[in-house]
Amino acid sequence: MAIITRNEAENLPACLKSVSFAEQIVVVDSGSTDATVKIASDFGCDVVVEGWRGFGPQKQFAIDQCRNPWILVLDADERIPRDTAQAIRNIILNPSITAVGFSFPRKNFFQGRWIRHAGWWPDRIVRLFQKGQGRMTPAKVHESVEVKGLVEPLDYPIEHYTESRLSHILIKIDQYSTISAEEAFKEGKTASVWSAILRAKLAFLHNYILRCGFLDGSPGLTLAITDAVNKFFKYAKLSELSKQASKR
């Protein structure tokens, strides 16, 4: 299985414990300054230190280090529950399996609450696939697994304990909105501050009202606001890039 890390000392122990059934765990670290590398090494993982390439390329590099015929891709803040682990073992040990990939529903937890609305459940994702049949998309953010062949859905979930500290969320918003704006700019897209405001408003209404985010209580409100803020800064930064290009 493959995991990428950077300063994940808080999350990694529980993640690794949940996948102790794996014969090989590849951890590709991009320069942690905490105990991440030591934790992975002590657990018996194959640790590789590699400069940051972007989420998609970094995960693909980790996949390329895997030796076994089946590969599971996991983030450090994700966990494999016991029943899901057994389902994965059954797949790996079954020679008559015709599917080359499997998708899982993902249970996202935020500020101690399982988020069930605004598109956060079932949040189905492909994470298990045969070696050579799946690859990560090259996106630097919002990457996913693409599989060549039959993908079957499983009812067993992956648990995701998403970042709940607002100070850390703001840092991620700054990072992700910058990457998204740069990618949009390369695709020839443009924006204005006014369109950024409009997109932020629409994102909030879509998630909080139309997709019933309000049913998730205060965590649902916080998520709707942070997504709107992310949308605003993505398109405001895209507007900034467009203005800078026009002055050259």
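Counted by neighbouring Cβ atoms within 10 Å, the residues GLU143, GLU187, GLU50 run from fewest to most as GLU187, GLU50, GLU143.
Ordering LEU198, THR226, TYR208 by the projection of their Cα atoms onto the charge dipole of region 166-246, which places +1 on the Cβ of Lys and Arg and -1 on the Cβ of Asp and Glu, puts LEU198 at the extreme positive end.
Distant-in-sequence amide contacts of TRP70, defined by a placed amide H-H separation under 5 Å and a gap of 5 or more residues or a different chain, comprise LYS131.
Building the convex hull from the alpha-carbon atoms of region 12-140 and averaging its projection over directions returns 8.8 nm². Measuring nothing but how far apart in sequence close Cα pairs (under 8 Å, 6+ apart) lie, relative to its length, the chain scores a relative contact order of 18 percent. Based on the Kirkwood approach, the hydrodynamic radius assigned to the chain is 19.5 Å, with every pair of different Cα atoms included.
Scattering from the C-alpha atoms of region 157-196 alone, worked out with Debye: what is log10 I(q)/I(0) at q = 0.22 1/Å? Debye intensities relative to I(0), on a log10 scale: -0.80. When the alpha carbon gyration tensor of region 166-246 is reduced to an equivalent ellipsoid, its three semi-axes come out at 25, 14, 8 angstrom, largest first. Taken about its Cα centre, region 73-116 carries a charge dipole of about 200 debye when Lys and Arg each add +1 at the Cβ and Asp and Glu each add -1 at the Cβ. Averaging Cα coordinates gives a centre for region 109-156 and one for region 9-33; these two points are 18 Å apart.
For region 99-107, the Karplus equation 6.51 cos²θ - 1.76 cosθ + 1.60, evaluated at θ = phi - 60°, returns couplings of 6, 9, x, 9, 10, 10, x, 10, 8 Hz by residue, with Gly and Pro reported as x. Ordered by the count of other Cβ atoms within 10 Å of each Cβ, fewest first, HIS206, HIS142 give HIS142, HIS206. Helix 217-246 against the longest principal axis of the chain: what's the angle in degrees, Cα atoms only, rounded to the nearest 10? The two axes meet at around 70 degrees. Across region 56-61, coupling constants 3J(HN,Hα) worked out from phi with the 6.51/-1.76/1.60 Karplus curve, θ = phi - 60°, read x, x, 5, 5, 5, 4 Hz, and Gly and Pro carry x. Positive contributions from Lys and Arg (+1) and negative ones from Asp and Glu (-1), summed over other residues with Cβ under 9 Å from the Cβ of ALA203, come out at +2.
Relative to the longest principal axis of the Cα atoms of the chain, the long axis of helix 82-92 lies at roughly 70 degrees.
The relative contact order of region 166-246 comes to 48 percent, based on Cα pairs under 8 Å that sit 6 or more residues apart. A simple count of charges around GLN133, restricted to other residues whose Cβ falls under 11 Å of its Cβ and scoring Lys, Arg +1 and Asp, Glu -1, yields +2. Dividing the C-alpha radius of gyration of region 58-134 by 2.2 N^0.38 Å, with N its residue count, gives 1.22.
We did not get these values from a lab; they are worked out from the coordinates using the rules stated. As the structure is a prediction and not an experimental result, all values here were calculated from the model. Virtual Cβ from ideal backbone geometry, glycine too; neighbours counted across all protein chains shown.
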